[in-house]
Amino acid sequence: MKLDALSEKLGVEINRELLKLALTHRSYSYEHGNIPNNERLEFLGDSVLGFVVTSHIYETLTYLPEGEMTKVKNAVVSARALAVVAAELSLGEYLLLGKGELATDGRNKPNLLADAFEAILGAAYMSNGFDAARALVEKFVFPLLDNPDEIRANSDPKTTLQERIQALGRGTPNYKTRFEGPDHNRDYFSTLYVNGEEISHGEGRTKKNAETAAAVKALEILVDATPVVKKKRKRR
């Protein structure tokens, strides 16, 4: 597995075995005798990411009240945002995936990309401590905070979608979500309908994440749709 190019992009020294582990999805692990996967590193990286981003928002966006800071933080650490960061690093090319994920375009799935980036943060922390992980967040995540107003506007895709659909005069979105796997290791799959018509799909590690992913895809589909303009009745 050639990781030199990725290491160069990251710009911080990470133990090679930990970096490989950070890119190992559980589907690959399952097909190779249940070898360790990246979920524990992801758990660690998620905590580091949350702390660093929260601290930065508190120190720099001094004009925001607590509720608005929370919206910005949630948007920046969301799978949607992290997947963009991961795509810029071409992480999909390096992921170790099982046959099922490879067959369903797993290298481009936002939740898999976001999880891998968080796992890399965890690997950086375990390799060289907090400063190494923080350096990655500063380099790749902080640029997302250059426009906090835009981030806040896009922090709740489900609400934005509902408003968009109502403006189109098409009713309200309905989500049907199912899960697969045992209690401790579930994947959720959500299908979004509008007036009985299937619009989009989303998946994630939680029901909320799956529905949010479906909402994001629906917004992309409806971006060019024309809102309904109600005609005013002429007075007699």
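Values computed for the structure shown
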item	result
Violating pairs (Cα-Cα greater than 27 angstrom) within the set LYS20/LYS139; LYS99/LYS139; LYS73/LYS207	LYS99/LYS139
Helix-only mean residue ellipticity at 222 nm for the chain, each DSSP H run of n ≥ 4 adding -39500 (n - 2.57), per residue, nearest 500	-16500 deg cm²/dmol
Whole-number percent relative contact order across the chain, with pairs defined as alpha carbons under 8 Å at least 6 apart	19 percent
On Cα atoms only, tilt of 110-128 relative to the major axis of the chain in degrees	30 degrees
Considering only the chain, percent of DSSP beta bridges that pair antiparallel, nearest 5	95 percent
Other-chain or far-sequence residues with amide H under 5 Å of THR24's (modelled H)	ASN38, LEU96
Whole-Hz couplings from phi, Karplus 6.51/-1.76/1.60, listed for the range 132-137; x for Gly and Pro	5, 5, 5, 4, 5, 5
Calculated FRET efficiency for the pair THR159/ASP4, C-beta based, R₀ 30 Å, to 0.05	0.10
Residues in the range 127-151 that a label on TYR63 would reach, taking backbone N under 12 Å of a point 7 Å out along Cα→Cβ	148-149
Proxy reagent accessibility, fewest Cβ within 10 Å first, across TYR28, TYR175	TYR175, TYR28
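Where a number appears in this text, it was derived from the coordinates with a stated rule and is not lab data. These numbers were taken from a predicted model, which means no experiment stands behind them. No Cβ is skipped: glycine too gets one built from the backbone with ideal geometry, and neighbour counts run over all protein chains shown.
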